[in-house]
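The values are calculated or read from the model by the stated rules, or taken from the named source; none is laboratory data. Remember, predicted model here, so these are calculated numbers, not experimental data. Please note: Cβ atoms are built from the backbone with ideal geometry, for glycine as well, and neighbour counts cover all protein chains shown. What goes into the accessible areas is simple: the full protein's heavy atoms, side chains included, and nothing from ligands, DNA or RNA. Shrake-Rupley method; radii C 1.70, N 1.55, O 1.52, S 1.80 Å.
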Amino acid sequence: MQALLDIILPVFLVVGFGYLVAWRGLLSAASIDGLMSFTQNVAIPCLLFRAIWTLDLGDSFSLPLLISFYSGSLTCFFAGLFGARYLFNRDWEDAVAIGFTCLFANSVLLGLAITERAFGPDALAANYAIIALHSPLCYGLGITTMEFVRARAAGQPNRELPVLVAKAMFRNALVIGIALGAVFNVLNVSLPAPFTDALDMMVRTALPAALFAMGGVLFRYRPEGDMRIILFICSISLLLHPSITWTLGTAFDLDDSAFRSAVLTAAMAPGVNCYVFANIYGRARRVVASSVLMASALSVITAWFWLGTLP
């Protein structure tokens, strides 16, 4: 119970404050959108750039860590995709949007915040190793699958698919921040102290502002759609993914820090980006929005459970 109060609850209280402010109309929808746009396109890319730039790539990018986390991610994507298609009779494009929601854990806003509160800022190296691949892999898989399904339905050739995926990836500010951080890291680039101090000021705004904005955005979602498939998505995101990661992490004998980061990140609810993906393609928007909202609420309890399983 103390872990719930000290570690998890403060994070969700910030989300709740954003929800409350939007509900009471203290900030307009445009203001919330502006704050979310700032965090997604400026502050969080700065955070990821700074983290990847200073990360010890050799020590942090452990293959067992990445296999433990991403085996769960990929399993959840295909479970969501084929479950939506064959258990709930959704068409293939809806099924891809639902699979993407099962795939895309909220690794930055919730994963970083809860891991840092639980184990301190020095425990985040494995989180950043996971995050460095998270947006590129998830968006790459989701966009590729959706464009393939759409091209097949339209009877079009897939020759332009790599170009479409590459354009979509490199319009994403998170991917750009990660890529620039990796370049600066590999080339051992340094910046003058005033620039790094300014960057650090920007970084400090990223998580609290993003959590607050997330609450404001979640207010717009209403639990609508087939409740069975919404609960199906929540179960995959909050139970199946961390179960797979916990099992593989134990089998690989990950060190405590990597194991904690992998399991907690896997246990996070789907991110708001899942709705953005569904909205771009106009598919399964009600189900995805409701799943993000419900899973975010349920993760207050499930994150507490998974935290209790950690060494």
Could you order peptides 48-60, 188-200 by the average number of other Cβ atoms within 10 Å of their residues, highest first?
48-60, 188-200
Spit out the partnerless Cys residues in the chain, using Cβ distances under 4.7 Å as the pairing rule.
C46, C138, C234, C274
What residues from segment 266-287 fall in the zone where the backbone N is under 15 Å from a label point 7 Å along the Cα-to-C-beta line of R222?
285-287
For segment 230-237, Karplus-derived ³J(HN,Hα) couplings (6.51, -1.76, 1.60; θ = phi - 60°; whole Hz; x for glycine and proline) come out as 5, 5, 4, 5, 4, 5, 5, 5
GNM top mover of V108, V42, V272 - the chain, alpha-carbon springs below 10 Å:
V42
Just how far, in whole angstrom, is segment 91-128 from segment 158-223 if you go by their alpha carbon centroids?
14
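In deg cm²/dmol and to the nearest 500, what is the mean residue ellipticity at 222 nm of the chain if only DSSP H runs of at least 4 residues count, each as -39500 (n - 2.57), divided by the residue total?
-23000 deg cm²/dmol
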Gyration tensor on Cα atoms of segment 144-214, a ≥ b ≥ c root eigenvalues, a/c under 1.5 rounded, else prolate if a/b beats b/c, else oblate, says oblate
PRE reach from L161 (point 7 Å along Cα→Cβ): which of segment 113-145 fall under 17 Å by backbone N?
137-145
Whole-Hz Karplus ³J(HN,Hα) for segment 86-99, in order, using 6.51 cos²θ - 1.76 cosθ + 1.60 and θ = phi - 60°, x for Gly and Pro?
9, 8, 10, 6, 7, 6, 5, 5, 4, 4, 5, 4, 6, x
How many percent of the accessible area of the chain is carbon or sulfur, using a 1.4 Å probe?
64
Might you tell me the accessible area per residue for segment 245-284, computed with a 1.4 Å probe and given in Å²?
36
Only Cα pairs within less than 10 Å get springs; with that Gaussian network setup on the chain, which residue of R85, R220, R260 has the largest fluctuation?
R220
Taking the chain as a Gaussian network, where each spring joins two C-alpha atoms under 10 Å apart, which residue of D94, D226, D122 fluctuates the most?
D122
To the nearest 20 debye, what is the magnitude of the charge dipole of the chain about its Cα centre, counting +1 on the Cβ of each Lys and Arg and -1 on the Cβ of each Asp and Glu?
1040
Once phi for every residue in segment 162-168 is put through the Karplus expression 6.51 cos²θ - 1.76 cosθ + 1.60 (θ = phi - 60°), the whole-Hz ³J(HN,Hα) values, with Gly and Pro written as x, are x, 5, 4, 5, 4, 4, 5
Any idea of the accessible area per residue across segment 111-244, 1.4 Å probe, to the nearest Å²?
49
Round to the nearest 0.05 the FRET efficiency obtained for D255 and S190 when R0 = 22 Å and r is the Cβ-Cβ distance.
0.15
